[in-house]
Amino acid sequence: MKYYSISEVSAKFNIPESTIRYYEKKGLLPFIERDGAGRRLFSEDQTALLETVIRLKNTHMPISSIKQYMDWVVEGNSTVEQRLEMMKAHKQKVLAEISSMTESLKSIDYKIDRYTHQKS
């Protein structure tokens, strides 16, 4: 099995190593292995979990909710229903935010158009 260093994972996801360490400290990366010198090692599965954390964080899921999700992942298949419900609820929040942002963007476009034509 191939493993990646924290610097390789940091570069892959374009996030600081300190962010990865923070996520681990908060319990969001429960399966991180370490080598004999204590350096973090990321397998493909662990890298996929980190990507999930990043995606959830990028869609404004609170750290506490991501932690709950990861706790359920650790518990295994008995928590699939809870995870599904969490993802459905989060999806609705993301869609609402996209809708709000789309409306805000229309207003910004209106202002840009107005200021552009005002110069003429």
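Check ARG114 against each of (1) modelled with pLDDT under 95; (2) in contact with a helix residue (DSSP H, G or I) (Cβ under 8 Å, 6 or more places away or on another chain) and name the one condition it does not meet.
The failed condition is (2).
Based on this model, can you work out whether VAL9 counts as in contact with a strand residue (DSSP E or B) (Cβ under 8 Å, 6 or more places away or on another chain) and at pLDDT 95 or above?
The answer is yes for VAL9.
Does the stretch 13-26 contain any residue that is among the small types (Gly, Ala, Ser) and in contact (Cβ under 8 Å) with a residue 12 or more places away in the chain?
no
Can you tell me how many residues within the stretch 53-87 are part of a loop (DSSP other than H, G, I, E, B) and in contact (Cβ under 8 Å) with a residue 12 or more places away in the chain?
3
Give the residue that is farthest from MET87 (Cα to Cα), with candidates limited to residues of the stretch 1-32 that are hydroxyl-bearing (Ser, Thr, Tyr) and open to solvent by less than 30 Å² (accessible area, probe 1.4 Å).
Result: SER10.
Would you confirm whether or not the stretch 42-52 contains a residue that is assigned to a loop (DSSP other than H, G, I, E, B), closer than 25 Å to THR19 by Cα, in contact (Cβ under 8 Å) with a residue 12 or more places away in the chain and of a type in the set (D, E, K, R)? Working first, answer last.
Going residue by residue through the stretch 42-52, those that are assigned to a loop (DSSP other than H, G, I, E, B) are 43.
Restricting the remaining residues to those that are closer than 25 Å to THR19 by Cα gives 43.
Still in the running and in contact (Cβ under 8 Å) with a residue 12 or more places away in the chain: 43.
Next, from what is left, pick out any that are of a type in the set (D, E, K, R): none.
There is no residue in the stretch 42-52 that is assigned to a loop (DSSP other than H, G, I, E, B), closer than 25 Å to THR19 by Cα, in contact (Cβ under 8 Å) with a residue 12 or more places away in the chain and of a type in the set (D, E, K, R).
Of all residues being loosely packed, with under 12 Cβ neighbours inside 10 Å and among the aliphatic types (A, V, I, L, M) in the stretch 33-68, which is nearest to TYR4 (Cα to Cα)? Just the residue, please.
In this case the residue turns out to be ALA48.
The values are calculated or read from the model by the stated rules, or taken from the named source; none is laboratory data. Nothing here was measured: the structure is a model prediction, and the numbers come from that model. Note: ideal-geometry Cβ built from the backbone for every residue, glycine included; neighbour counts use all protein chains shown. We work out accessible area using only protein heavy atoms, side chains counted, and drop any ligands, DNA or RNA first. Shrake-Rupley method; radii C 1.70, N 1.55, O 1.52, S 1.80 Å.
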